[in-house]
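Right, one structure below, let's go through it.
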Amino acid sequence: MESSEPSESHSVTVAVEEHGSAIVLGVAGELDLLTAPKLQDELTRALDQRPQTLVIDLSKVEFMGSAGLSVLVVAHRTAGEHTKLRLVAHGNATFRPLRLTGLDQAIPVYRSSDEALNAE
Amino acid sequence: MSGDQVGALTLATYEALANAAIHAYLDDTGTFDLLARYLPDRDRVEVTVTDYGRWRPPPDDPGPFSGRGIPLIQALAEHVDITRSTQGTTVRMHWNLGLQTGTAKNSVDGEEDPAIDRRGLSRAAAFSSY
């Protein structure tokens with residue numbers, strides 16, 4: 001029953017993995033108004049290292065609202081020319097809001113982090 | 001309701017509640033009403049979010065974190081009405097159960113619905129300014 005505790009059910013975790021010149025952020029949980037700033041902090045930290053590629057893996061995200069989308073927009077803008085920003089998303093919780101807002105046309109979306117890392 | 005519709009309803013309702021919390025009660029506390037009901041004669045589920053605050057006009061530069069909730073609601077719901085007055089704001093959304101139109105058949109992993117792609121493209125304007 002511990003998963004029904006508010007602090008457990010309403011949270012987001014970000015796992016940071018380095019793959020050579022690439023960084024993969026594995027995001028899990030719910031990306032909403034309250035948790036989006038945490039991803040924002042992790043993205044800022046990762047982009048400060050100026051990796052060639054930054055993959056944001058959203059495949060373990062169960063809910064993503066407009067606050068989460070906005071964090072991705074800011075990351076896309078901050079990444080600029082130096083860092084290639086890539087997303088991993090599939091399923092209704094993440095891919096649908098990306099597609100409905102047209103953000104999938106600004107940031108490339110892949111089905112797995114391997115695919116995102118190996119993409120040209 | 002289909003799984004797609006449930007997901008759309010959940011996210012759209014969240015966004016409507018978030019808007020009420022941010023825009024109506026940013027500097028204050030307040031209450032809002034959430035009404036969800038099934039209308040059998042229309043075979044429709046209707047969700048209404050009503051707040052009693054006054055939405056602040058958007059600033060000239062709303063910043064990167066703002067302005068995506070309403071476009072998202074408009075893309076997720078099969079129909080949206082937003083009514084603003086000095087007494088508060090009402091967001092009324094609905095989804096039709098019988099008619100497999102709009103969001104009902106927008107399976108992300110399944111067949112693509114051209115209608116939603118057009119809406120997706122029009123939504124892209126929401127991001128064009130960054």
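The values are calculated or read from the model by the stated rules, or taken from the named source; none is laboratory data. Because the structure is a prediction, the values reported are computed rather than measured. Glycine gets a Cβ as well: all are built from the backbone with ideal geometry, and neighbour counts include every protein chain shown. Remember, those area values only see protein heavy atoms, side chains included, never the ligands or the DNA or RNA. Shrake-Rupley method; radii C 1.70, N 1.55, O 1.52, S 1.80 Å.
Among residues of region B:22-42 that are over 15 Å from B:Trp95 (Cβ atoms), those with a beta-carbon under 9 Å from a residue that is open to solvent by less than 90 Å² (accessible area, probe 1.4 Å) and among the acidic types (Asp, Glu) at least six positions away or on a different chain give the pairs B:His23/B:Asp51; B:Ala24/B:Asp51; B:Tyr25/B:Asp51; B:Gly30/B:Asp51; B:Thr31/B:Asp51; B:Phe32/B:Asp51; B:Asp33/B:Asp51.
Residues being in contact (Cβ under 8 Å) with a residue 24 or more places away in the chain, in contact with an Asp or Glu (Cβ under 8 Å, 6 or more places away or on another chain), more than 14 Å from chain B (Cβ to nearest Cβ) and of a type in the set (Val, Ile, Thr) are represented in region A:25-36 by at least one member.
Here is a yes/no grid of residues against (1) more than 16 Å from A:Ile23 (Cα to Cα); (2) within 14 Å of chain B (Cβ to nearest Cβ):
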| position | (1), (2) |
| --- | --- |
| A:Thr78 | no, yes |
| A:Arg86 | no, no |
| A:Leu103 | yes, yes |
| A:Ala106 | yes, yes |
| A:Ser113 | no, no |
| A:Ala116 | no, no |
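Scanning region A:17-43 for residues that are in a strand (DSSP E or B), buried (at least 19 other Cβ atoms within 10 Å of the Cβ) and out of contact with any Ser or Thr (no Cβ under 9 Å at 6 or more places or on another chain) yields a count of 1.
If you filter region B:1-55 down to residues that are among the aromatic types (Phe, Trp, Tyr) and not in a loop (DSSP other than H, G, I, E, B), you find that the one that is farthest from A:Gly65 (Cα to Cα) is B:Tyr38. Hey, does region A:44-63 have a residue that's at pLDDT 95 or above, over 13 Å from the mean Cα position of the chain (by Cα), over 30 Å from B:Ser2 (Cβ atoms) and surrounded by 20 or more Cβ atoms within 10 Å (Cβ to Cβ)? Yes, that holds for at least one residue.
Among the candidates A:Leu117, A:Leu69, A:Leu98, single out the residue that is touching a residue at least 60 places away in the same chain (Cβ under 8 Å) and part of a helix (DSSP H, G or I).
Of the residues listed, the single one that is touching a residue at least 60 places away in the same chain (Cβ under 8 Å) and part of a helix (DSSP H, G or I) is A:Leu117.
Counting the residues of region A:44-66 that are closer than 18 Å to A:Ser11 by Cβ and either among the acidic types (Asp, Glu) or assigned to a strand (DSSP E or B) (or both) gives 9. Taking the condition surrounded by fewer than 12 Cβ atoms within 10 Å (Cβ to Cβ), among the aliphatic types (A, V, I, L, M) and at pLDDT 75 or above, does B:Leu35 pass? So B:Leu35 fits the description; yes. In summary, A:Asp32 fulfils each of the numbered conditions (1) closer than 21 Å to A:Thr83 by Cα; (2) modelled with pLDDT under 95 with the single exception of condition (1).
When each of A:Ala106, A:Ala75 is tested for being closer than 28 Å to B:Ile73 by Cα, touching a helix residue (DSSP H, G or I) at 6+ places or on another chain (Cβ under 8 Å) and crowded, with 23+ Cβ neighbours inside 10 Å, the lone residue that passes is A:Ala75. Within region B:1-15, the residues that satisfy the criterion of being more than 7 Å from every other protein chain (Cβ to nearest Cβ) and either open to solvent by less than 60 Å² (accessible area, probe 1.4 Å) or within 15 Å of A:Glu62 (Cα to Cα) (or both) are B:Ser2, B:Gly3, B:Gln5, B:Val6, B:Ala8, B:Leu9, B:Thr10, B:Ala12, B:Thr13.
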